[in-house]
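Okay, so here's the structure we're looking at.
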Amino acid sequence: MSLLRRQAMALPLVAAVAGEAVAQTTWIAVQAADNSFLVDMPGTPLYKVIDTTTPAGTAFVYHSYSLEYRRLSFVAQTALYPADVDVSRPRANLQIALDDRGQRLEGGKWSKVDWRDMQGATAVESIGPIAGGSALRQLSLLKGRRFVSLGYLAPADAMRAPEAERFFRSLRLT
């Protein structure tokens, strides 16, 4: 058997083994420390509490869960906005967050923005380019004073990868 033929026959075997490795990834349901949501992640994330303040100076915290998996990055965050944050116009609040994050994108803006209602909340999903051929996909929502955001950073051609789809589809507000 020629070397070329042996290599060609080995490729399907390598692909099958690689496929099994992906299938064996242990996804876990991550529950926010404040019980605000559940989301599936391909492993145990690093949990951090991030202290911040409102423009008026009121302290509050973000609960943040981050995970690097292969060449993909997953982040889930939540915060309960204090009383001095006006949440009566959720779309306006989310637009401020979009505009702020958009300034950090290549070209300074999102390439795709999709507004919708999700689980009784105003939500926006966006995708934008990052320098070096990567992209950021995020889903942010506001329900009452509860803010939740999912972020996914990966090569631009992986924005709809099975891992991304599972991550975003798995969000459940509790």
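Quick notes on this one:
- Contour minus Cα-Cα distance for residue 103 and residue 58 (0.36 nm per residue): 13.7 nm
- Correct choice for semi-axes √(5λ) of the Cα gyration tensor in Å that was computed from the model, options (1) 39, 17, 14; (2) 28, 18, 15; (3) 36, 18, 13: (3)
- C-alpha center-to-center spacing [segment 31-77, segment 81-144] in angstrom: 16
- Residues with amide H under 5 Å from that of residue 30, placed H, sequence gap 5 or more: 39, 40, 41
Bear in mind these aren't lab numbers, they're just calculated from the coordinates by the rules spelled out. Note that the structure is predicted; figures quoted are calculated from it, not measured.
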